[in-house]
Structures are given as C-alpha cells and as structure tokens.
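A.B. asks: One structure, as structure tokens, below. Some questions next.
Bear in mind that the values in this text are calculations on the coordinates, not laboratory data. All values derive from a computational prediction rather than experimental measurement. Cβ placement follows ideal geometry from the backbone for every residue including glycine, while neighbour counts extend to all protein chains displayed.
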Amino acid sequence: MVNIYFIGSAGSGKTTLTYAFQLWLNQQGLDCITVNLDPGAERIPYTCEVDVREWIDISRVMDMYNVGPNGAQIICADLIATKADEIKKAIEEYPVEYVLIDTPGQMELFTLRESGKIIIDVLGRENSLVAFLFDPIISKTPSGYVSMLFLSASTYFRLGLPQVNILSKVDLLSEEELEKIISWSSDPFSLYDDLNMENKQVDMEIFRVLESMELYRNITPVSAQENFGMEDLYNAVQQTFYAGEDLSSD
Ligand SMILES: Nc1nc2c(ncn2[C@@H]2O[C@H](COP(=O)(O)OP(=O)(O)OP(=O)(O)O)[C@@H](O)[C@H]2O)c(=O)[nH]1
Ligand SMILES: [Mg+2]
C-alpha cells in the first residue's frame, strides 16, 4: 500500500488532481481509494471512501468554541490528530494499492501543525510520499518559482517524506511559460540568470544546497482538467519507491 499526500498552497489544485489521478489509476486497472483530510472541504468530486468530515464538523466547532471559520480550521486541524487511529482503521478496510490523500486547503494547517506529522506517523511513514503542487500562476516568474521551491523544501523539512514536485494546471500556461519553468527545474543556472534579469539577487549557493539535498529536481507538469501528465505522476511515484530500495509490501 502506498500513501500519496497531495499538498500545496490554497487553490493549487489538490482536490481536482486527487480526483483525476483516481480516475486514471482506475482506468489502468489499479486499485485506489481517496481520503479527504480537509474538514473545511465543501465540494468533493472523488468517491471519498474515508472522509474526515465524518468525525469533525467544522460548523459545530464554530458554534462550540465560538470562533470564526479561520479559528475553526485551526481547531479542526488539531482535532484530526485525535481521530488518527479511527482514520487508519477506516482506510485499512480497503485492501488497495494506492491511498490518495487530499489535505486541507491551507497547507500550513497540515504541514506546520503537529497533527500532520501525527497522521503521517499513524498511517505509516515507510510507504508514504508527498506530491507537492506548484501553483502555475505563482511559478511563472523566477522569484515566484523560487518561493514555491522554498515552500516545497519547507514541507520536506517538516514532514520528512520523499517528495515529488508537481506543476499543476499547466493548461493555464502558454507553451513558452511551461518551457521556461521546466528549464528552471532542470537547470539552476537558467533560474539564476532569469532571477538576475528580474533584479532579484540570490546566491547560487542556495540552489547548490537544495540540489545536494535532492530537493532541486525536475518538476512533473500535469493538468487535472485535461487529464494530462497522470502517467508521469505515476512514474514519479514508482521511481520514488522502486528506484532505490525495495518497497516492503505491507
Ligand atoms: N484550468 C484548470 N483549472 C484547474 C485544474 N485543476 C483545478 N483547477 C481549478 O482550480 C481551482 C482550485 O482547485 P482545487 O482542486 O479545489 O484546489 P485545492 O488545492 O484543492 O483548493 P483548496 O483545497 O480550496 O485549497 C478550482 O476552480 C478548479 O476547478 C486544472 O488542471 N486546470
Ligand atoms: Mg481542496
């Protein structure tokens, strides 16, 4: 069983990609379930075999604690940890190969608060990975791309799981913009040059550090809307687990 956590900034496309990847896996004859860990989710397109909203009701939390939606989101994020064992049990009822896990819209609720790490530990670290979504509109400028890179690195530091970087919604980018972003992801020097042209000075050393930690790596472009790049995402997942050591089959 492989757990894939879809993580990215608000509106980066996590929920839609979870759905598109579920459909693609099913088309390939591969078993998967989808898990919603976002208590604030309103519209969920995928089948959602396990839904955190069964245990945590955000509007009740707002009433009970007399807080607004943002305060309630924080309380809910912490409450998820108290339900970790039950969530695990619910997932284990499905003996499938892939568990696609959609995370809260505001990524820091999952990546920075303790409950994200607790959930990951309870569900098991060894077969887990993060699909980190780069927002295409932010990633269009060199400084925006670097900011996404740091956000991705911060998630990696915090959660400590293998990570694949995904460029989402590429149908919103022109061919030229897409090519630029791909070149930045494969060649730190081209990013460095374009940053300079944007009058943003960054020491090349920073990219070397990211490279040495294998955080500076090729990005996988996808479009959930156009069902593009799903096979590449699948291959990136496979490579993470099967390239080096064997994946234990539990
Ligand atoms: N053009 C285009 N739009 C997309 C794509 N994927 C998602 N969207 C749109 O982007 C918006 C956000 O998508 P979601 O999947 O809800 O993103 P999210 O990261 O789950 O959002 P939150 O959970 O609210 O933070 C929606 O309006 C989607 O329809 C895509 O591949 N292409
Ligand atoms: Mg979502």
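A.B. asks: Report the relative contact order of the range 161-237, percent, no decimals, based on alpha-carbon pairs under 8 angstrom and at least 6 residues apart.
C.D. replies: Values: 67 pairs, mean separation 34.4, N = 77.
Normalised by residue count, the contact order of the range 161-237 is 45 percent.
A.B. asks: Put a dot 7 Å past each Cα toward the Cβ at PHE189 and GLN201; how far apart are the dots in nm?
C.D. replies: Taking the simple label geometry, GLN201 and PHE189 are separated by 2.2 nm.
A.B. asks: I'd like the Kirkwood hydrodynamic radius of the chain, using the inverse of the mean 1/r over distinct C-alpha pairs, in Å. It would help to have the intermediate numbers written out before the result.
C.D. replies: Values: mean 1/r = 0.0533 Å⁻¹.
So the Kirkwood estimate lands at 18.8 Å.
A.B. asks: Given the chain, what percent of its DSSP beta bridges are antiparallel, to the nearest 5? Let's see the in-between values first.
C.D. replies: Working: 1 of 26 bridges.
That works out to approximately 5 percent antiparallel.
A.B. asks: Would you mind pulling out the separation of the Cα centroids of the range 153-179 and the range 99-144, in Å?
C.D. replies: Computed from Cα coordinates, the inter-centre distance equals 11 Å.
A.B. asks: Assuming R0 = 41 Å, what is the FRET efficiency of ASN218 and TYR65, from their Cβ-Cβ distance, to the nearest 0.05? Don't skip to the end; give the middle numbers.
C.D. replies: On the way: r = 44 Å, r/R0 = 1.08.
After rounding to 0.05, the efficiency reads 0.40.
A.B. asks: I would also like to ask the following. Starting from the 7 Å offset along Cα-to-Cβ, what nm value, one decimal, do you get for the label separation of GLN239 and ASN227?
C.D. replies: According to this spin-label approximation, the distance is 2.4 nm.
A.B. asks: Would you please give the FRET efficiency between SER147 and GLU93, computed as 1/(1 + (r/R0)^6) with r the Cβ-Cβ distance and R0 = 41 Å, to the nearest 0.05? Let's see the in-between values first.
C.D. replies: On the way: r = 40 Å, r/R0 = 0.98.
Step by step, r from the Cβ atoms, then E = 0.55.
A.B. asks: Shape of the range 173-250 from its Cα gyration tensor (a ≥ b ≥ c, root eigenvalues): rounded if a/c is under 1.5, otherwise prolate when a/b > b/c, or oblate? Don't skip to the answer; put the middle values down first.
C.D. replies: Details: a/c = 4.03, a/b = 1.40, b/c = 2.88.
Note, shape of the range 173-250 comes out oblate.
A.B. asks: Something else about it: Mean Kyte-Doolittle of at least -1.0 plus a Cα span of 15 Å or more along the axis: flag which DSSP H helices in the chain meet both, please. Could you put the intermediate results ahead of the total?
C.D. replies: Details: long enough: 14-27 (20 Å, -0.19); 69-82 (20 Å, 0.86); 142-159 (26 Å, 0.66); 175-186 (17 Å, -0.70); 230-242 (18 Å, -0.48).
Those that clear 15 Å and a mean of -1.0 are 14-27, 69-82, 142-159, 175-186, 230-242.
A.B. asks: Could you point to the residue in ALA20, PRO188, SER9 farthest towards the positive end of the chain's charge dipole, with +1 and -1 charges on the Cβ of Lys/Arg and Asp/Glu respectively?
C.D. replies: Positive-end residue among those listed: SER9.
A.B. asks: Return the ratio Rg/(2.2 N^0.38 Å) for the range 109-250, where Rg is computed over Cα atoms only.
C.D. replies: Numbers: Rg = 15.8 Å, N = 142, 2.2 N^0.38 = 14.5 Å.
Taking N as the residue count of the range 109-250, the ratio is 1.09.
A.B. asks: Additional query: If you filter the range 5-86 for trypsin sites (Lys or Arg not before Pro), then keep DSSP loop positions with at most 10 other Cβ within 10 Å, what is left? Please report the intermediate quantities before stating the final value.
C.D. replies: Details: sites: LYS14, ARG43, ARG53, ARG60, LYS83; in loops: ARG43, LYS83.
Here the sparse-neighbourhood loop sites are ARG43.
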